[in-house]
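Notes follow once the structure below has been shown.
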Amino acid sequence: MGRQSRRRPPACSLCRIRKLRCNRGSPCSNCSIRGIPCNVDGSAPIQGIGIQGASEAAVTGGLQEALNRNHLAPSLLLSSQLQLVTADVLGIEDNCSSQKVLDSLAPAPITFRTRSIRAITSPSFFVLDPTNSPPLTEDVKVNKCICLPLRGDAHVLLDKFIRDVLHFHYIFHKPSLPTTVDRFYDAVEHGRAVDIGQLMIMLAICCSSTHTWTRYDDNKGLFNRSEDANSQTAGWLTTALDVIHHAHLAAHASMACVQGIIVVFFMICSLEGISARARLLHAQAVAMAQEIGLHFIDSPTNNSHSIKIKKSTIQAEIGRRVWWYLTDTDWMLSRLSVPQQGAYTILPSQMAVRKPCNANDEDIIEGQEIIDRPPEEATSVSYLLQRTRLAELFYSLGGHEKPMNWNPEEADYGKIMEADMKLRQFMRELPSFFRLEKSGSLSKLPPSDIRRSSDITIQRYMLNMIFYGQICKLHLPYLAQGTINPGFAYSHDSCLKAAQRIIYIEHRMRAENSTFVLFRQRMNVKFRSIFIACVVFVLDGCLANNPEGSTTGGDATMTDAWRILYEAKGQSPLASELLHLSVQILRKYRASHPALEALKRENCRRDPTILAQNGPVDVATTESSNMVIDREPRRVDIDPDTIDLDKLWETLQGRGRDWNNLFWSLGPPLI
């Protein structure tokens, strides 16, 4: 009988690939040392690839080669134990990077009182802390107290906010706002902890509603006169800024708080322009939005910061609106003459957020998919979506738009023409209900059609004013050259026609039966196009006396622009300053300008004693003293004898000392 051969067990996969001596144990010593499963069935770690194939894959595949270099088998990556260990170790890093807020830096609690809004003279004040009664020799501890309107008054203010303010920045879920207000007052009335985000929304409603209160709202019974409501705006705004600081000290971050900050930012821009205070508020809103994960709502990876928002259909969609509103604002601010000019805080590569759906709030139902309507169908967010389109256009232009202090001969004029083309293409692609030339056909629609609503009508006018304002701003540095150099004639004509179109749109807007017509002059951000149109008319009027250049038209339109500024000077200090400066400069270079003659006649008609007391007077002296100085304490004093055209041009380019501040924020008024 022959000797029976004894076959040795095969080496495991790891030892074969690494060419190690395998003791053929189960597991072998090499696998035991590395803590990995020992594959002794003869199959390679990668299914379908033999020893030779695995070696070739290791050579050609960088990943396998790197694993082999570190004595790691591919099966190790699939080890659930390794994944648990990795998660625990990374959890240590997360815990160390998110420190708890120090109690010693936490702000003192805020107390609340409620009373009729007409009885509120100061929304915030300090009261003695009831838990501490120190002797007179020690420091007295006080807490901030906020006096809020009664619940019924708050709902009236909310209705005003929804009707006249919300369409400027549609970042809320309108059906949820009444519930938010009621929950806030439930907490106040029952002495429970108040959510800072809900408090911010309530204060934002108070300051914006009182600011936009008009005589049409007096029948609501909250105030005796609209002036009483307007006088409360500063107090509510100051209180809102205090609460924003309180939220910072408390390390509070919520989407409701971001929404409130956005409304306050809009209010600051309306009163001050794009001031340092406004820009810092925007930066704080962006930081808070990133803290709660709004910048990656639609990221495929789950994050603990945004997981709660992503679970809610309504919250996720509103979060997209909020984030894109902040993004649009950031890209628009980068084009203004501010320290952030040319710099972006938000970059597309560092966000994962889809565009908001073109859907009404009533169509956003929890747990159901949102139906995205076509752009030609008007919704409550149509304006917000077009705002995003325009901001993306500004972002795409990037360095194409040269600063206003560039010499036209040195600038690449082709880039200016490219920007002009893109802006006009943007207008051509607007939905028909936002195009001014289509407004005639819209009047034939039923009154209940949303395209005939007051919101869409005002937004139509604003988008067109913004467009023509941008055309003026784009070509303004080339207006003077266009009068003598045919190569820049297009800029001169485009600039002047756009300015005339702005005045035409203003007249059309004033004929609308809307409360916005009454308070629009208080909103500097929405009045910018009028300002830049006036600048175009003044420069063109000064150049008309230049023997080297010839320009026609615009005289009657300049008179209209001055009349608009004169009517707005009581509500907009910037309008008063611009009116005074433009009259003085035009007086220096073209004292016989028809606009000056027309305003002189208007002044004499309003006050015939001017001629009776003083006899024949100088046109510009009468105009400047009666139109600007009268009843207006704030103005810039300029000696017309010291003004020259070079200084005017420098100020228009942003280098002048006085006008540089005046035109600080002559940029996209879509904020």
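The values are calculated or read from the model by the stated rules, or taken from the named source; none is laboratory data. Remember, it's a predicted structure, so these values are computed and weren't measured experimentally. With ideal geometry, Cβ positions are generated from the backbone for all residues, glycine too; neighbour counts draw on all protein chains shown.
Summary table
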{"item": "Residue that is within 14 Å of Arg424 (Cβ to Cβ), crowded, with 23+ Cβ neighbours inside 10 Å and aromatic (Phe, Trp, Tyr), where the choices are Tyr490, Tyr468", "result": "Tyr468"}
{"item": "Cβ pairs under 6 Å, 6+ apart, first in region 1-18 and modelled with pLDDT of 70 or more, second surrounded by fewer than 18 Cβ atoms within 10 Å (Cβ to Cβ)", "result": "Pro9/Arg24; Pro10/Gly42; Arg16/Ile51"}
{"item": "Residue list for region 433-446, filter: without any contact (Cβ under 8 Å) to a residue 12 or more places away in the chain and either under 12 Å from Ile505 (Cα atoms) or out of contact with any Ser or Thr (no Cβ under 9 Å at 6 or more places or on another chain) (or both)", "result": "Glu437, Gly440, Ser443, Lys444, Leu445, Pro446"}
{"item": "Hey, Ser529 touching a Cys at 6+ places or on another chain (Cβ under 8 Å), assigned to a helix (DSSP H, G or I) and of a type in the set (S, T, N, Q) or not", "result": "yes"}
{"item": "Extreme residue, surrounded by the most Cβ atoms within 10 Å (Cβ to Cβ), among residues of region 150-179 that are closer than 14 Å to Leu222 by Cβ and of a type in the set (A, V, I, L, M, F, W, C)", "result": "Leu157"}
{"item": "Subset of region 448-462 (residues that are in a helix (DSSP H, G or I) and either at pLDDT 90 or above or under 15 Å from Thr515 (Cα atoms) (or both))", "result": "Ser454, Asp455, Ile456, Thr457, Ile458, Gln459, Arg460, Tyr461, Met462"}
{"item": "Strands (runs of 3 or more DSSP E) fully within region 78-149 counting 3 or more residues that are more than 31 Å from the chain's Cα centre (by Cα), at pLDDT 75 or above and surrounded by 11 or more Cβ atoms within 10 Å (Cβ to Cβ)", "result": "111-115, 124-128"}
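Yes/no per residue for (1) of a type outside the set (Gly, Ala, Ser); (2) at pLDDT 95 or above:
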| residue | (1), (2) |
| --- | --- |
| Leu280 | yes, no |
| Val286 | yes, yes |
| Gln290 | yes, no |
| Gly293 | no, no |
| Ser299 | no, no |
| Lys310 | yes, no |
| Leu326 | yes, yes |
| Val338 | yes, no |
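Each row is one residue, and each column tells you yes or no for (1) in a helix (DSSP H, G or I); (2) in contact with a His (Cβ under 9 Å, 6 or more places away or on another chain); (3) more than 23 Å from Thr111 (Cα to Cα).
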site: Pro178; (1), (2), (3): yes, yes, no
site: Asp182; (1), (2), (3): yes, yes, no
site: Tyr185; (1), (2), (3): yes, no, no
site: Gly191; (1), (2), (3): no, no, no
